[in-house]
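Trainee: For reference, the structure I am asking about is given below.
The values are calculated or read from the model by the stated rules, or taken from the named source; none is laboratory data. Computed from a prediction, not measured in an experiment: that's the story for all the values here. We place every Cβ from the backbone using ideal geometry, glycine too, and count neighbours over all the protein chains shown. Please note that ligands, DNA and RNA were not included when accessible areas were found on the heavy atoms of the full protein model with its side chains. Shrake-Rupley method; radii C 1.70, N 1.55, O 1.52, S 1.80 Å.
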2 protein chains.
Amino acid sequence: MSATSYTLPRVWQWEAGNGGKFSGTNRPTAGATHDQPLSLGKHRFQLYSLATPNGVKAAIMFEELLALGHDAEYDAWLVDIGEGEQFGSGFVGANPNSKIPALFDHGHSEPVRVFESGSILLYLAEQFDALLPRAHATRTETLNWLFWQMSSAGFVGGGFGHFYAYAPEALKYPIDRYAMETKRLFDVLDQRLATTRYLNGENYSIADIASWGWFGQMALGRTYDAVEFLQLHDYQHVMRWAREIAERPAVKRGCMVNRPFGEPHEQLLERHAASDFEHRTQDKIGG
Amino acid sequence: MSATSYTLPRVWQWEAGNGGKFSGTNRPTAGATHDQPLSLGKHRFQLYSLATPNGVKAAIMFEELLALGHDAEYDAWLVDIGEGEQFGSGFVGANPNSKIPALFDHGHSEPVRVFESGSILLYLAEQFDALLPRAHATRTETLNWLFWQMSSAGFVGGGFGHFYAYAPEALKYPIDRYAMETKRLFDVLDQRLATTRYLNGENYSIADIASWGWFGQMALGRTYDAVEFLQLHDYQHVMRWAREIAERPAVKRGCMVNRPFGEPHEQLLERHAASDFEHRTQDKIGG
């Protein structure tokens, strides 16, 4: 493998195993690779996830809904992406894109699948009329920022995160490209939060949950260890917002769900009841 | 500039002008660089755009709504991103992220800004109760695929498109990474469209409009000239869907809007009335 300039072939050919971390499971094809049914618990909502920046969004949303008193009980099952469980037949049925998080809602006549973290946040907000303001302008602004986060994740995570943390060697051009774009996105967020408490104005919403998963956790040094490299402490309004949201009890709980890494007290590998946070089990997979 | 492996500095430093095509206007900071008010026409909807894969989504949506008989008349203004117009004060007010398309809806007590192409599609679908099914499961599936497209654009456009078409030199590792991911996404789409006519099932929707802008136009060779490189003709169900949608009169019109490139008969630099498609003017900028 060479990372340097080369002459493009007429037809691209896949060379398996060239992709750095996770290259063992990444492929240029979609669909199930093996039979593996999804686990099924007793609650209306069945979440299949992992505590990545995208995964925590869904768990935080459930914990916020429960904290607000909504009947949003859920089972959260760990998907081990290092073992390729996202390519099991059951998971592909939940999300044909084979990415966590994926959700089934068993509260309708037929189970309804919901995939993409942004779609899950919007779905739950509409089901419970919560964390998405009804007022037209504020609702619109909330959705603007929700889509902004979704479209930026490919640059922040798929771009910067990959070339900074996961690629087999450090490549200057891609790192420069994505560091510039990531800092620009932090500055967009910082300028917004210089004038408003939350992304839509005065109301904590699904837009904050989505953006905190990536930008908040990066600002706090929890994702990619890039605070110094990108000088993230310079974004003081993002820092204020990131710290405030991190203190929410529902956010603290949501970040523990389906988390097989970090300190033992941060890990709740599966979540089936509110009491699980007090009685954590770390023995489900390699923990 | 070296594209090869290097030792990461402690703190990343921006080197202006390293970014290939568009590097003259890309920066690691957000906000307006100059005063430039937005143009304002007579219609309720004011669209500020350019006929990129993201831009055409919005124009196609308006043309589809008009074809359905909705009162969705709009002015479409060209944003010259090569000249940095997306960093003008007016445009930044419409979209603090400085990306086309951006929209103002003047049909409420105060103008409502809508940014991100996915947010614009959802906004217009809800305003007119069109192209987004009401039935719960089908609406959910539509939004799943809408978010899927939005989260994948950073890989297809920001990743594959950049390193294949815009970067100053061809780098093997990033091209391999994004060619693999782009083919995987095409396969996700292909497997879906093998069993359903449109993304949500049987109904043409905003999910198709969003995905056609990228995947449809790439499959038809209109974006990136990568049909042979990625063997896109192998995705026969995508090809069927891409060709069918391309034949829709509203799609043909939408693709012409704010298009300062291509053949003269394909270009409608600004759109202010349905009759503009018959009386095209190519004299607004450099055409």
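Trainee: Do we have A:Glu85 as touching a strand residue (DSSP E or B) at 6+ places or on another chain (Cβ under 9 Å), modelled with pLDDT of 95 or more and open to solvent by 40 Å² or more (accessible area, probe 1.4 Å) here?
Mentor: Here the answer is yes, as A:Glu85 does meet what is asked.
Trainee: Continuing with this model, one more query. Inspect all residues belonging to region B:193-206 and state whether any of them is of a type in the set (A, V, I, L, M, F, W, C), under 24 Å from B:Glu116 (Cα atoms) and out of contact with any His (no Cβ under 6 Å at 6 or more places or on another chain).
Mentor: Within region B:193-206 (the criterion being of a type in the set (A, V, I, L, M, F, W, C), under 24 Å from B:Glu116 (Cα atoms) and out of contact with any His (no Cβ under 6 Å at 6 or more places or on another chain)), the answer is yes, since at least one residue qualifies.
Trainee: Further question: Going through region A:220-236 one residue at a time, which ones are more than 12 Å from chain B (Cβ to nearest Cβ), more than 18 Å from A:Gly55 (Cβ to Cβ) and of a type outside the set (S, T, N, Q)?
Mentor: Within region A:220-236, A:Gly221 is the sole residue that qualifies.
Trainee: Taking the condition of being in contact with a helix residue (DSSP H, G or I) (Cβ under 7 Å, 6 or more places away or on another chain), of a type in the set (A, V, I, L, M, F, W, C) and either closer than 16 Å to A:Leu50 by Cβ or facing chain B (nearest Cβ under 8 Å) (or both), how many residues in region A:143-152 meet it?
Mentor: Kept after step one, since they are in contact with a helix residue (DSSP H, G or I) (Cβ under 7 Å, 6 or more places away or on another chain), are these residues of region A:143-152: A:143-147, A:149-152.
When the remaining residues are screened for being of a type in the set (A, V, I, L, M, F, W, C), the result is A:143, A:145-147, A:150.
Keeping just the survivors that are either closer than 16 Å to A:Leu50 by Cβ or facing chain B (nearest Cβ under 8 Å) (or both) gives A:143, A:146-147, A:150.
Summing the residues that are in contact with a helix residue (DSSP H, G or I) (Cβ under 7 Å, 6 or more places away or on another chain), of a type in the set (A, V, I, L, M, F, W, C) and either closer than 16 Å to A:Leu50 by Cβ or facing chain B (nearest Cβ under 8 Å) (or both) in region A:143-152 gives 4.
Trainee: Do we find that B:Glu64 is among the charged types (D, E, K, R) and without any contact (Cβ under 8 Å) to a residue 24 or more places away in the chain in this structure?
Mentor: Spelling it out, it is not the case that B:Glu64 is among the charged types (D, E, K, R) and without any contact (Cβ under 8 Å) to a residue 24 or more places away in the chain.
Table: residues versus (1) touching a Leu at 6+ places or on another chain (Cβ under 6 Å); (2) farther than 21 Å from B:Pro37 by Cα.
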residue	(1), (2)
B:Pro96	no, no
B:Phe104	no, no
B:Phe115	no, no
B:Tyr123	no, yes
B:Phe128	yes, yes
B:Arg134	no, yes
B:Ala137	no, yes
B:Glu141	no, yes
B:Asn144	no, yes
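Trainee: Which numbered condition in (1) free of Cβ contacts under 8 Å to residues at least 60 places away in the same chain; (2) out of contact with any helix residue (DSSP H, G or I) (no Cβ under 8 Å at 6 or more places or on another chain) is the only one that A:Gly41 fails?
Mentor: (1)
Trainee: For region A:99-106, check the following and say yes or no: at least one residue is closer than 25 Å to A:Met218 by Cβ, touching a helix residue (DSSP H, G or I) at 6+ places or on another chain (Cβ under 7 Å), open to solvent by 10 Å² or more (accessible area, probe 1.4 Å) and not β-branched (Val, Ile, Thr). Give the derivation first.
Mentor: Taking region A:99-106 as the starting set, the residues that turn out to be closer than 25 Å to A:Met218 by Cβ are A:99-103.
Narrowing the set further to residues that are touching a helix residue (DSSP H, G or I) at 6+ places or on another chain (Cβ under 7 Å) leaves A:99-103.
Those left that are additionally open to solvent by 10 Å² or more (accessible area, probe 1.4 Å): A:99-100.
From what's left, not β-branched (Val, Ile, Thr): A:99.
Yes; the residues of region A:99-106 include at least one that is closer than 25 Å to A:Met218 by Cβ, touching a helix residue (DSSP H, G or I) at 6+ places or on another chain (Cβ under 7 Å), open to solvent by 10 Å² or more (accessible area, probe 1.4 Å) and not β-branched (Val, Ile, Thr).
Trainee: Follow-up. Please enumerate the residues belonging to region B:131-142 that are open to solvent by 10 Å² or more (accessible area, probe 1.4 Å) and either among the small types (Gly, Ala, Ser) or more than 8 Å from chain A (Cβ to nearest Cβ) (or both).
Mentor: Within region B:131-142, B:Leu131, B:Leu132, B:Pro133, B:Arg134, B:Ala135, B:Ala137, B:Thr138, B:Arg139 meet the criteria.
Trainee: Quick check on this structure: which one of A:Leu47, A:Leu65 is open to solvent by less than 30 Å² (accessible area, probe 1.4 Å), at pLDDT 95 or above and farther than 15 Å from A:Ala94 by Cα? Working first, answer last.
Mentor: Values: A:Leu47 fails: farther than 15 Å from A:Ala94 by Cα.
Matching residue, one of A:Leu47, A:Leu65: A:Leu65.
Trainee: Output the number of the condition that B:Ser109 fails; it satisfies all remaining conditions of (1) outside any helix (DSSP H, G or I); (2) open to solvent by 10 Å² or more (accessible area, probe 1.4 Å); (3) closer than 30 Å to A:Asn95 by Cβ.
Mentor: (3) is the only condition that B:Ser109 fails.
Trainee: B:Ala250 versus (1) of a type outside the set (Lys, Arg); (2) over 24 Å from A:Leu185 (Cβ atoms); (3) within 13 Å of chain A (Cβ to nearest Cβ): which is the lone unmet condition?
Mentor: (3)
Trainee: A further question follows. Condition first: within 26 Å of A:Ala219 (Cα to Cα), among the small types (Gly, Ala, Ser) and over 13 Å from the mean Cα position of the chain (by Cα). Now tell me which residues in region A:44-81 satisfy that.
Mentor: Correct list: A:Ala67 only.
Trainee: Moving on. Select from region A:87-122 the residues that are within 7 Å of another protein chain (Cβ to nearest Cβ) and touching a residue at least 40 places away in the same chain (Cβ under 8 Å) and list them in ascending order.
Mentor: Result: A:Pro96, A:Asn97, A:Gly118, A:Leu122.
Trainee: Taking the conditions exactly as written (crowded, with 23+ Cβ neighbours inside 10 Å and out of contact with any helix residue (DSSP H, G or I) (no Cβ under 8 Å at 6 or more places or on another chain)), does B:Ala76 satisfy them or not?
Mentor: no
Trainee: Yes or no: region A:109-116 includes at least one residue that is touching a Pro at 6+ places or on another chain (Cβ under 9 Å), modelled with pLDDT of 95 or more and aromatic (Phe, Trp, Tyr).
Mentor: Yes, there is a match, as at least one residue in region A:109-116 is touching a Pro at 6+ places or on another chain (Cβ under 9 Å), modelled with pLDDT of 95 or more and aromatic (Phe, Trp, Tyr).
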